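All remarks here apply to the structure that follows.
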Amino acid sequence: MQGYLKRLATSGLAYQASSLVAGFLALFTLPLYTHHLTKAELGYAETLLTAIILASIVLRFGVGEAFVRFYFDDDDIAHRDRLARRTTSFVLVTSTVAALVAVVFAAALSRALLGTRDATLMAYGVLGLWAFTNLEIAYALLRVDERRRTYLIASVSNVVLTVALTVTLVVGFDGGARGYVLGNYAASTIVLFGLWAFALRSASASTCARRARWDRCCASGRRRSRPTRPSSRSTWSTVRGCCGPTRRRPRASTPCR
C-alpha cells in the first residue's frame, strides 16, 4: 500500500510540477505582458493560443488517448514500440500537412479568426499548433513508460524557456503579439526536438542491448553441439530460437559502443 501511495505522490508531483511553476511565474510575468502589450495585441495573442489548443484536439483525432488505452492492453514490448512509432508518425504527418496548408492561407485565416490581416502572426500560431500537437504525443509516450524524471525535466524546462523567450521578445524587443505567440511556442519546438533526440537515443540503446544478448546467445549456441538428451532440448530450443535461420540480428540506428 505504501508503494502505491509513494508512486501516486511522485507521479503527481512530476506531472503537475510544470503547472505549479507556470502559475507561480505568471504572478510576475502577467503584469509585464499587460504593460507592454496593448489590449488589441493581448486579445489577438490569447485568441490565437486558445484556437491552437482547440485545433490540436481535432488534429490529433483522439490518437493520443487511443494510444494510452491500447498500450496497456499488450504486454509485448515489440508491439508497444510499433504502436508508439505509428502514433508518433501519424500525428507528425497530419500536423505537418495541416501546418503547410495553414501557412499558405495564413493571411486569410488571420482575417477570419482575428479580424485583422497579419500573416506573420498566424504563421507563428501555425508553428505553435504543430509543436503543441506533437509535444502532447511526446508527453504521452513519457507517461506510459513512466519516465517521470524525464517528463519533469522536459515540462519544467518548457515552462522556464517559454517565460524567458516571451519576456525577451515582448519586453526586450517590443515584439507585441507576434513576440508573445512566438515566445510561447518556440520553446515548445525546442523541447519537442530534444525529446525526439532522447527517444532515438533510448531506442538505439535498447536495440544495442538486444543485439548484445543476441550475440551472446549465438556464441553460446556455436560452442554447443545439438543435444541428444531430452533434458537438454529446452536449452537447445532457446539458443536456436534467438539465432536460428528465421531470426535476424537487431540493428541500431546508430553504431553501438
Residue count for the range 34-62, restricted to those that are surrounded by 15 or more Cβ atoms within 10 Å (Cβ to Cβ), closer than 15 Å to Val181 by Cβ and not charged (D, E, K, R): 12
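Let's see how each residue does on (1) surrounded by 13 or more Cβ atoms within 10 Å (Cβ to Cβ); (2) free of Cβ contacts under 8 Å to residues at least 12 places away in the same chain:
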| position | (1), (2) |
| --- | --- |
| Lys6 | no, yes |
| Leu25 | yes, no |
| Tyr71 | yes, no |
| His79 | yes, yes |
| Ser95 | yes, no |
| Val101 | no, yes |
| Phe105 | yes, yes |
Cβ pairs under 6 Å, 6+ apart, first in the range 138-153 and under 18 Å from Ser56 (Cβ atoms) and touching a residue at least 12 places away in the same chain (Cβ under 8 Å), second assigned to a helix (DSSP H, G or I) and small (Gly, Ala, Ser): Ala140/Gly64; Leu141/Ala84
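Rule-based calculations on the coordinates, nothing more; no lab input. For clarity, every value in this text was computed on a predicted model and none was experimentally measured. No Cβ is skipped: glycine too gets one built from the backbone with ideal geometry, and neighbour counts run over all protein chains shown.
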